[in-house]
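Since every read-out is calculated from the coordinates, none of them should be taken as a lab result. All values reported here derive from a predicted model rather than from experimental measurement. Methodologically, a virtual Cβ is constructed for each residue, glycine included, from the backbone with ideal geometry; neighbour enumeration extends over all protein chains shown.
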Amino acid sequence: MPQLLALTGSPSLHSRTEVVADHVLRRLAHSGFETAHLAVRDLPAADLLSARRGEPEIRRALEAVAEADGIVIATPVYKASYTGLLKAFLDLLPQDGLAGKTVLPLVTGGSLAHVLTIDYALRPVLAALGARHVTAGRFVLDSSVERGSGPDRLRPEAELDLFQAVDEFADALRAAHRTALTAAP
């Protein structure tokens, strides 16, 4: 079964983006995929911003991307684009760092005014990094993420829409996996 990595670009410890990514990972794990989560904010800032690819934590993060068959990239919208934190990490990837990978872009934000961030800011970068297939992403309004005394959750209508994107992503991964198996000698 393909390996999946969720790469989150929120600098916040209590991020709605993390809640969305965790929902996605649980759904994919329940479907039988092997999943992992890399929060870019947990990488050493000085190494990340100085592009020290050889430092152990940065090297492990880059290896995790290289080993994954599918990548979920989740980010909040800041100033009409994905975060600088995510950009700093994506800049460390080789030019073909997403070659052969299926990618699901997810964006969270406070207003529908930012919904085009996926297509106009994030998708071009993913394509430039050689992603084989970038599936239809999803924008999740911050107000759709309910946080409080109990476990964080998504409003049902947002969860349904998100899971539709996740299921399409999973189908694309399975198809790519089958193609790779039949092409192998």
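Treat each spin label as a single point 7 Å out from the Cα along the C-beta direction, and report the Arg59 to Leu13 distance in nm.
3.0 nm
Measuring from a point 7 Å past the Cα of Arg26 along Cα-to-C-beta, which residues in segment 143-183 have an amide N at less than 11 Å?
From segment 143-183, the list is 151-154.
Can you tell me the length gained on complete extension of the stretch Arg153 to Thr179, counting 0.36 nm per residue apart and subtracting the Cα distance?
Numbers: separation 26, 0.36 × 26 = 9.36 nm, distance 3.54 nm.
Contour length minus the Cα-Cα distance gives 5.8 nm.
Dipole of segment 106-185, Cα-centred, from +1 at each Lys and Arg C-beta and -1 at each Asp and Glu C-beta, to the nearest 20 debye? If you can, show how the numbers build up before the last one.
Working: 8 positive and 10 negative charges, 66 e Å.
Roughly 320 debye for segment 106-185.
Specify which residue in the list Gly54, Ala6, Pro44 is farthest towards the positive end of the charge dipole of segment 1-57, using unit charges on the beta carbon of Lys, Arg (+1) and Asp, Glu (-1), about the Cα centre.
Of the options given, the answer is Ala6.
Give me the dipole magnitude in Debye, nearest 20, for segment 1-73 about the Cα centre, with unit charges on the beta carbon: positive for Lys and Arg, negative for Asp and Glu. Present the calculation step by step, with values, prior to reporting the outcome.
Values: 8 positive and 10 negative charges, 35 e Å.
In total the dipole reaches around 160 debye.
Work through the residues other than Ala51 whose Cβ is under 13 Å from its Cβ and net out their charges, Lys, Arg +1 and Asp, Glu -1. Don't skip to the end; give the middle numbers.
Numbers: positive: Arg52, Arg53, Arg59, Lys87; negative: Asp47, Glu55, Asp91.
With Lys, Arg at +1 and Asp, Glu at -1, the net is +1.
Between Gly54, Gly137, Gly84, find the one with the highest GNM mean-square fluctuation for the chain; connect C-alpha pairs within less than 10 Å.
Sorting by GNM fluctuation, first place goes to Gly54.
To the nearest 20 debye, what is the magnitude of the charge dipole of the chain about its Cα centre, counting +1 on the Cβ of each Lys and Arg and -1 on the Cβ of each Asp and Glu? Walk me through the numbers on the way to the answer.
Working: 19 positive and 22 negative charges, 42 e Å.
The dipole magnitude comes to about 200 debye.
Give, in nm to one decimal, the length gained when the segment between Ala113 and Leu141 is fully stretched (0.36 nm per residue of separation minus the Cα-Cα distance).
Details: separation 28, 0.36 × 28 = 10.08 nm, distance 1.03 nm.
Stretched out fully, the Ala113 to Leu141 stretch lengthens by 9.0 nm.
Putting +1 on Lys and Arg Cβ atoms and -1 on Asp and Glu Cβ atoms, find which of Ser144, Leu25, Phe89 reaches farthest to the positive end of the dipole of the chain.
Phe89
How much length is gained on full extension from Leu160 to Arg52, taking 0.36 nm per residue of separation minus their Cα-Cα distance? It would help to have the intermediate numbers written out before the result.
Working: separation 108, 0.36 × 108 = 38.88 nm, distance 4.01 nm.
Stretched fully, the Leu160-Arg52 segment lengthens by 34.9 nm.
Taking loop as defined by DSSP and a crowding limit of 16 other beta carbons within 10 Å, which trypsin sites (Lys or Arg not before Pro) in segment 52-82 fit?
Hits after loop and neighbour filter: Arg52, Arg53, Lys79.
Given that compact globular proteins tend to follow 2.2 N^0.38 Å, what is the ratio of the alpha-carbon Rg of segment 33-94 to that value?
On the way: Rg = 11.8 Å, N = 62, 2.2 N^0.38 = 10.6 Å.
It is 1.12.
Which residue fluctuates the most in the chain, going by a Gaussian network model with Cα springs under 10 Å, if the choices are Leu106, Leu173, Leu13?
Leu13
Kirkwood Rh over Cα pairs of segment 19-124 into Stokes-Einstein at 4 °C, 1.567 mPa s: D in µm²/s? Kindly include the intermediate steps, with their values, before the conclusion.
Numbers: Rh = 14.8 Å.
Using the Kirkwood radius from Cα pairs, D works out to 88 µm²/s.
Please compute, over every Cα-Cα pair in the chain, the percentage with a separation greater than 25 angstrom.
Details: 5137 of 17020 pairs.
Cα-Cα pairs of the chain separated by over 25 Å account for 30 percent.
Let me have the relative contact order for segment 101-185, percent, based on Cα pairs under 8 Å that are six or more residues apart.
Numbers: 87 pairs, mean separation 27.4, N = 85.
Normalised by residue count, the contact order of segment 101-185 is 32 percent.
Please give the Cα centre distance for segment 94-124 versus segment 59-86, rounded to the nearest Å.
About 9 Å separates the Cα centre of segment 94-124 from the one of segment 59-86.
Using only DSSP helix segments of four residues or longer, with each worth -39500 (n - 2.57), what per-residue ellipticity at 222 nm results for the chain after dividing by its residue count and rounding to 500? Each step should come with its number before you reach the end.
On the way: 6 runs with 73 residues, N = 185.
That comes out to -12500 deg cm²/dmol.
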